[in-house]
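Just so it is clear, none of the values below were taken in a lab; they were calculated from the coordinates. Being a predicted model, the structure only gives us computed values, none of them experimental. Every residue, glycine as well, gets a Cβ built from its backbone with ideal geometry; the counts of neighbours run over all protein chains shown.
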Amino acid sequence: MSSRVTRRAASHAAAATALVMVMLLGACSSAPPTRFHSLTPPPATGPASPVAVGTLAWEVLPVTVPIQVDQPQWVVRTVDGSLAVLEQERWIAPIADEIRAAVVDRLTQVLGAPAIAAEPRNRWRIRIDVKRFESAPGREARLEATWTLSSGAEESAALRCHAALVQVPSGSGYLALASGHQQGVTRLADAIGTALKALGAGQPAACAP
């Protein structure tokens, strides 16, 4: 009799375990898929044109970002001012690398590929220190950064600027918010490119208003 009870208990336990597994699998399958975003805009349609080498030698140094947003998951500011971490919305690469790659891509479009310099001291060095990178769905994409231009041979920066760039997303979704951040980084790169052109031509450069 005891062996029959034992077999029945074992059968019930196996059935319960199988039910739990089915529920877990169902929960996993019903979870929304993870979406990955990039700060580099998609390429324009049509055949790609070769990028010519420009007349300036430049390089973008590693970008620094606040530790609060230095993670794959999006950190967004909610309506009540608190912060939320979105597991299903992520950057395709570390945000510092994304900003650097997007700036390099835009500067290459504006200035051409960096001219080859035999020595680092002949290059313009671009340093970007992000102070704030905030995402408020449906309200704003905010980027505040200090950026400097200096030649490798000089200790002091030839130009130091602070940029506060706020883009209002064109919609309420996360894709619109990502597009807003793309536009903010593009504006930052354009300001750097304008100043770099002036300095490269031996002219005075000023921070963008």
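As a calculated quantity, the FRET efficiency between T194 and A93 at R0 = 30 Å, using C-beta atoms, amounts to about 0.65. By other beta-carbon atoms within 10 Å, ranking H181, H162, H37 with the fewest at the front produces H162, H37, H181.
Can you figure out the FRET efficiency of R35 with T55, using R₀ = 45 Å and their beta-carbon distance, to the nearest 0.05? About 0.65, to the nearest 0.05. Full extension of the segment from T146 to R187, taken as 0.36 nm per residue of separation minus the current Cα-Cα distance, would add 13.4 nm. Dividing the C-alpha radius of gyration of segment 64-209 by 2.2 N^0.38 Å, with N its residue count, gives 1.13.
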